[in-house]
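Below you'll find the structure, written out as structure tokens, and then a few comments.
The values are calculated or read from the model by the stated rules, or taken from the named source; none is laboratory data. A quick note: this is a predicted structure, and the numbers were derived from the prediction, not measured. FYI the Cβ positions are ideal-geometry reconstructions off the backbone, even for glycines, and counts take in every protein chain you see.
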Amino acid sequence: MGEQGPTIREALFYVRGDDGSLVCGICERRCRILDGHRGFCGSRMNIGGRLYTLTYGDISSLSLNPIEKKPMFHYWPGSKALSAGSWGCNLRCVYCQNHSISMVSADPKSASYISPERFVDLAFKMGGLGISFTFNEASCTLLEYALDCFALASRRGLYCNLNTNGYMTPEALGALHKAGLDSMCIDIKGDEDFYRRFCNGADVEVVWRNSRKAKRIGMHVEMVNLVIPGANDDDDCLGWIIKRVRDELGRDTPLHFTRFYPAYKAWMYGLTKVTPVERLEEARSIALDEGLEYVYIGNVPGHPGENTYCPGCGELLIRRYGFDVTKYRLNSDGRCPRCDRRIPIIGRPPARKDLNAHKA
């Protein structure tokens, strides 16, 4: 590739195949990559018999975002995280909302490099309480960089978040956690048929396996399902997701149902309709009836389904409007002020004079 810039680094987690190829161990596609070729995500390349990441610190998108935007509702509510993405993805879903970066393979010649030290410094300077890798699939395209950033950030007291499709290998997930990753928003897209049709044949069981492991090793996990009319919005698919969240991750695991707007190649696959709000409400109702305690509606600003209610007495505890927390009523020890039930929320909102100024 000519001269190697700062975004080209030898990759972690790969082995040599018998035929001279390299087998990437970052995600469960486990691409077998010949010399001079790239893996499915477009960010890893076999160069002379060694596997390299082409996107170390190559930042395509950078902004200070509310943690609620991930969406994460039970994790440092009201805070902001310096959020970044790169190029490429290991699923390449046909309806991707961020296709302008996720469907683009890395080009080191036009890279925009930010060192881990500078990235963490920026988080402090911009007023963030944490860092988050999001926008495209950072678990594969930014893994080595994320490991370095999480290690620096956690040592300096920042939280570390990943917004992910959950398709990494157990080795990659373990390394992320060891480096400091303490929370994940995991996108559970649909059932087996959905992943086969719209996510390039990916295996949904990998996502469930990693979700269970993340919970088991102590990470905070929230699940999000983009409800797509005609693809994953039938009762069978929704019920399957709801019951697995309840039975495998726990009744107190937050589940977000979010509204779909057609994007990228959605029209070519017959995915042409915006999700009716009524269908999101039905999904939330089904989940609550099945025993999930914290179920949310997303992409519908101002809807009551954005709020957190006590599952014990029904008291409104956190009012939200879009990505903003407008009212926070939990006691200092994280309990409902009405019935004293403990609510599983990590962290408290930053001090703001106007936070509880809104009418209940």
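Residues in the stretch 219-249 that are closer than 23 Å to Arg341 by Cα, free of Cβ contacts under 8 Å to residues at least 40 places away in the same chain and surrounded by fewer than 19 Cβ atoms within 10 Å (Cβ to Cβ): Asp247 only.
A count restricted to the stretch 100-120 and to residues that are in contact (Cβ under 8 Å) with a residue 60 or more places away in the chain, surrounded by fewer than 20 Cβ atoms within 10 Å (Cβ to Cβ) and assigned to a loop (DSSP other than H, G, I, E, B) stands at 4. Residues that are of a type in the set (Phe, Trp, Tyr), assigned to a loop (DSSP other than H, G, I, E, B) and farther than 22 Å from Asn307 by Cα: does the stretch 262-282 have at least one? Checked against the condition, which is being of a type in the set (Phe, Trp, Tyr), assigned to a loop (DSSP other than H, G, I, E, B) and farther than 22 Å from Asn307 by Cα, the stretch 262-282 yields at least one hit.
Cβ-Cβ contacts under 8 Å between residues 6 or more apart (or on different chains), taken from a first residue in the stretch 35-47 that is free of Cβ contacts under 8 Å to residues at least 12 places away in the same chain to a second residue that is polar (S, T, N, Q), are listed as Gly36/Asn46; His37/Asn46. Among the residues of the stretch 137-159, is there at least one that is buried (at least 24 other Cβ atoms within 10 Å of the Cβ), of a type in the set (S, T, N, Q) and at pLDDT 95 or above? Taking every residue of the stretch 137-159 in turn, at least one turns out to be buried (at least 24 other Cβ atoms within 10 Å of the Cβ), of a type in the set (S, T, N, Q) and at pLDDT 95 or above.
With respect to Asp252, is the statement that it is in the same structural domain as Val221 (by TED's automatic domain parsing), of a type in the set (Asp, Glu) and either in contact (Cβ under 8 Å) with a residue 24 or more places away in the chain or crowded, with 16+ Cβ neighbours inside 10 Å (or both) true? Yes.
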